[in-house]
1. What number of residues in the stretch A:230-271 are outside any strand (DSSP E or B), buried (at least 18 other Cβ atoms within 10 Å of the Cβ) and among the β-branched types (Val, Ile, Thr)?
2. When only residues in the stretch B:51-71 that are within 10 Å of chain A (Cβ to nearest Cβ) and either touching a helix residue (DSSP H, G or I) at 6+ places or on another chain (Cβ under 7 Å) or among the charged types (D, E, K, R) (or both) count, which is farthest from A:Glu388 (Cα to Cα)?
3. So which pairs qualify, if the first residue must be in the stretch B:24-43 and within 14 Å of chain A (Cβ to nearest Cβ), the second must be in a strand (DSSP E or B) and of a type in the set (Gly, Ala, Ser), the Cβ gap must be under 9 Å, and the two must be at least 6 apart or on different chains?
4. Any residue at all in the stretch A:42-52 that's surrounded by 22 or more Cβ atoms within 10 Å (Cβ to Cβ), of a type in the set (A, V, I, L, M, F, W, C) and more than 9 Å from chain B (Cβ to nearest Cβ)?
5. Show the residue pairs that are 6+ apart or on different chains and have beta-carbon atoms under 7 Å apart, the first residue being within the stretch A:20-38 and facing another protein chain (nearest Cβ under 10 Å), the second being hydroxyl-bearing (Ser, Thr, Tyr).
6. Please go through the stretch A:236-266 and pick out each residue that is among the aliphatic types (A, V, I, L, M), under 20 Å from A:Pro283 (Cβ atoms) and out of contact with any strand residue (DSSP E or B) (no Cβ under 7 Å at 6 or more places or on another chain).
7. Restrict the check to the stretch A:49-60 and report whether at least one residue is of a type in the set (A, V, I, L, M, F, W, C), over 30 Å from A:Tyr268 (Cα atoms) and within 28 Å of the chain's Cα centre (by Cα).
8. Could you give me the residue pairs with C-beta distances under 9 Å whose first residue belongs to the stretch A:227-249 and is among the polar types (S, T, N, Q), whose second residue is buried (at least 16 other Cβ atoms within 10 Å of the Cβ) wherever it lies, and which are 6+ apart or on separate chains?
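Laboratory data are not the source of any read-out in this text; all were calculated from the coordinates shown. As the structure is a computational prediction, the values presented were derived from the model and not from experiment. Don't worry about glycine lacking a Cβ; one is built from the backbone with ideal geometry, like all the others, and counts go over all protein chains shown.
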Amino acid sequence: MDIGKASGSEWSIQESRDRLNRAEDFFVLDVRNRDEFDAWRLEGRAVPPTLNVPYFEMLEEGGEDDFVDSVVAYAGKALLPRLPSDLPILAVCAKGDTSAFVAEGLRRMGFEAFNLRGGMQAWGEHYEVRSVVSEPDLSVQQVSRPARGCLSYVVASGDEAVVVDPLRHVDRYIDLCGQEELGITAVIDTHAHADHLSGGLELASRAGSPYFLHPYDAVHPIDLVPARIRFRHLADGDRIAVGTTALEVLHIPGHTLGNIALLLAGRYLLAGDSIFIDSISRPDLGGRAEAWSRLHYESLGRLLELPDDVLVLPGHFSRAGEAGDDGAFRASLGSLRQRNEGLRMAAEPAETFSAYIQASLPDFPERYVDIKRVNAGLLEVDEDRAIELELGKNLCAMAAAAAREDARSEGRLA
Amino acid sequence: MTSIAFDRELDARGLKCPMPLLRARKTVGELAIGQVLRVVSTDRGSIKDFQGWADVAKAIELLGQDTEQGPETLYVHYVKRLA
């Protein structure tokens, strides 16, 4: 059972990410079923060439007791022309067990093959931390969960930290703040998230700090029932102190009714789900695209009044290429006015913006209704269901669907 | 809850992928043609994997699948030997 677990025959997620970010060539043999493979892929700044062969197809080639025999038999018959002989091959599956056998089989055939330790489940739980603001008495760290394209923030001044939009593996934030001897004084969700399970309530409760949300987001927009969670109400103009500075609340309804952005020290915009790097957030996840498009237009207009040198720190990304050379996602508002299509549309007349939104809305993922129920305390889920709800990249951005189409046509997705 | 008659049961609880499928494949081979195997697994991924396997495998049919809630969620599969 411990085949391929020896050191040297497997790569960790971090190691694989580093290789991708250095644009090192390797090949991925992904043996998950097609649905899971379609839902998400290991990716970094480069996307490796990938072949998807579900493991149960290999199983049909003999080897009643030893799956490695099946791998060798199947590969010999059907894979040889499709696998590179001059590149390392990384075998990938859901949890890293089956792919260990696959890597072992390929090694037996003479390939340089490795197993992705922990598989795609580990990829889903992989977090990365990057400093995006570093001043004498103010720092912001961007905590990303690259598998889902989710970005959260730890804002620190003095020995205090405010955590914005924490994701559900809250130990990451507790450990990070612990290492830097920061006390978490507030936890803020910029809105009721639909694409991922929030870590906000749990982190606040474990840190003994208040949890902030705008009250308009404490009603489930589809069910029209109130949330069953304890939170402190945010309002436009509120200031949440952190050390010697503060986060100013800007109520910007549109993506949700209670959507907010946070302006830090007057020059850093924690934009939540409003302005992303490539795109803007979608206004239809509450089921009222037309009415909320108009709110969204006004709110984006308000953000566009901020100065050009305000640094935008978004709540999501759709593709790794949106990051700068250091892997962090941030850009000045001035540069985004030029390069961000949705933002350019927000500077056009309202009718033009509405038509753009209506024409380019991505699909509405059904599971988002349940995710919002969980975040509102209306539904409890176990770990298996949590993983299932969070499968794949977020679809909060107008451009996300388009990016997936591009990926598909480039052959990066099946 | 599905009520499908079966002839033999395979306890694959706690087994990691690919063992539930590997054992199921071997056990189905031991059945007489027309008989049904019930496989009980704790691996969530086994739902999609048994569906995919049934699509590519010769001589088996997936009659049904169940999820049983309990202290540990169980994923149950009914596989019939066709030939």
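1. Residues meeting the conditions: 2.
2. B:Lys58
3. Qualifying pairs under 9 Å: B:Ala24/B:Ala12; B:Ala24/B:Ser41; B:Val39/B:Ala12; B:Ser41/B:Ala12; B:Thr42/B:Ala12; B:Asp43/B:Ala12.
4. Among the residues of the stretch A:42-52, at least one is surrounded by 22 or more Cβ atoms within 10 Å (Cβ to Cβ), of a type in the set (A, V, I, L, M, F, W, C) and more than 9 Å from chain B (Cβ to nearest Cβ), which makes the answer yes.
5. Once the first residue is facing another protein chain (nearest Cβ under 10 Å) and sits in the stretch A:20-38, its partners that are hydroxyl-bearing (Ser, Thr, Tyr) give A:Val31/A:Tyr55; A:Val31/A:Thr98; A:Val31/A:Ser99.
6. A:Leu257
7. Start the filter on the stretch A:49-60 by keeping residues that are of a type in the set (A, V, I, L, M, F, W, C), which leaves A:51, A:53, A:56, A:58-59.
Narrowing the set further to residues that are over 30 Å from A:Tyr268 (Cα atoms) leaves A:51, A:53, A:56, A:58-59.
Imposing the further condition that a residue be within 28 Å of the chain's Cα centre (by Cα) reduces the set to A:51, A:53.
Within the stretch A:49-60 (the criterion being of a type in the set (A, V, I, L, M, F, W, C), over 30 Å from A:Tyr268 (Cα atoms) and within 28 Å of the chain's Cα centre (by Cα)), the answer is yes, since at least one residue qualifies.
8. A:Thr244/A:Leu138; A:Thr244/A:Ser157; A:Thr245/A:Leu138; A:Thr245/A:Val155; A:Thr245/A:Ser157; A:Thr245/A:Leu264; A:Thr245/A:Ala265
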